[in-house]
Amino acid sequence: ATQSGAGISAFVAERHPSGAHIVQTFMGTAASWSKDGKWITSVRPRFSQGSGAHDLILRAADTGEERMIPYAGDVGGASARWLHDGSGFLVRVPEAAQAGPAFHFVDLKSGRFERRFAVDTADHRRSGIGDLSPDDKTLYLFTGSKSREHWTGIVGVNPSTGEQRPIVTFPGDGLRGNGLALSPDGSTLALMVWAEG
């Protein structure tokens, strides 16, 4: 996504030896492909209400046809994490200030939002970004103490129950990470972190 004119635009491009060729441009950010390549979700500002809220948009990758997935509140600005069977996706929703953000499952056919679990626990904060295991049974997230700036490790959370297990603990004071991706076979995590010093 890149800044363009009065809003944020996302581009779909085909790779070619002579250079990338843009085949679609649409308004939105935080785009995410379904695993079968048929759908793209993105987030778009809700300009009509002037509230600063965002809507979740579902776009057919082949035709570009779009529909909004209705949600009464703000869906925030996080990318969706698609289930591998294409039946739906997980998305971080801000929710009310007192409740804090939570992950919701959105069913592709019905468009219904189903709250699954809070982003943060009572003792720790967790990232809104993450990646799903190939069997869709583990969502990998950064975690850290609420009193510390840096992430102290990675946890695996069951998307259905919210049950958490530790995956790795970072050394020292932790890391400032803002990117996490799982290899297709589910065996390796790649991280994007800030290098200090």
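Based on this model, can you work out whether His84 counts as outside any loop (DSSP other than H, G, I, E, B) and either aromatic (Phe, Trp, Tyr) or closer than 21 Å to Gly156 by Cβ (or both)?
Judged against the criteria, His84 is not a match.
Answer yes or no: is there a residue in the range 83-95 that is surrounded by fewer than 19 Cβ atoms within 10 Å (Cβ to Cβ), of a type in the set (S, T, N, Q) and over 17 Å from Ala31 (Cα atoms).
Among the residues of the range 83-95, at least one is surrounded by fewer than 19 Cβ atoms within 10 Å (Cβ to Cβ), of a type in the set (S, T, N, Q) and over 17 Å from Ala31 (Cα atoms), which makes the answer yes.
Test of understanding: among Leu132, Leu175, Leu141, which residue is at negative phi and at pLDDT below 90?
Selected residue: Leu175, the only one of Leu132, Leu175, Leu141 that is at negative phi and at pLDDT below 90.
Test of understanding: among Arg148, Arg115, which residue is farther than 17 Å from Ser32 by Cβ, in a loop (DSSP other than H, G, I, E, B) and charged (D, E, K, R)?
Arg148
Counting only residues that are among the charged types (D, E, K, R) and touching a residue at least 40 places away in the same chain (Cβ under 8 Å), which one in the range 118-139 is surrounded by the fewest Cβ atoms within 10 Å (Cβ to Cβ)?
Applying the filter and picking the extreme gives Asp135.
Of all residues in the range 65-82, how many are surrounded by fewer than 21 Cβ atoms within 10 Å (Cβ to Cβ) and farther than 16 Å from Val119 by Cα?
Of the residues in that region, 9 qualify.
Can Glu114 be described as over 15 Å from Arg165 (Cα atoms), loosely packed, with under 14 Cβ neighbours inside 10 Å, at pLDDT 90 or above and not β-branched (Val, Ile, Thr)?
Here the answer is yes, as Glu114 does meet what is asked.
Working only within the range 62-94, note down all residues that are in contact with a His (Cβ under 8 Å, 6 or more places away or on another chain) and in contact (Cβ under 8 Å) with a residue 40 or more places away in the chain.
Gly76, Gly77, Leu90, Val91
Could you grab me the full set of residues in the range 147-169 that are modelled with pLDDT of 90 or more and open to solvent by less than 80 Å² (accessible area, probe 1.4 Å)?
Scanning the range 147-169 gives Trp151, Thr152, Gly153, Ile154, Val155, Gly156, Val157, Asn158, Pro159, Gly162, Ile167, Val168.
The values are calculated or read from the model by the stated rules, or taken from the named source; none is laboratory data. Computed from a predicted structure; not experimentally measured. Heads up, the Cβs are rebuilt from the backbone with ideal geometry, glycines too, and the neighbour counts pull from every protein chain shown. These area figures cover heavy atoms from the full protein model, side chains too; ligands, DNA and RNA do not enter into them. Shrake-Rupley method; radii C 1.70, N 1.55, O 1.52, S 1.80 Å.
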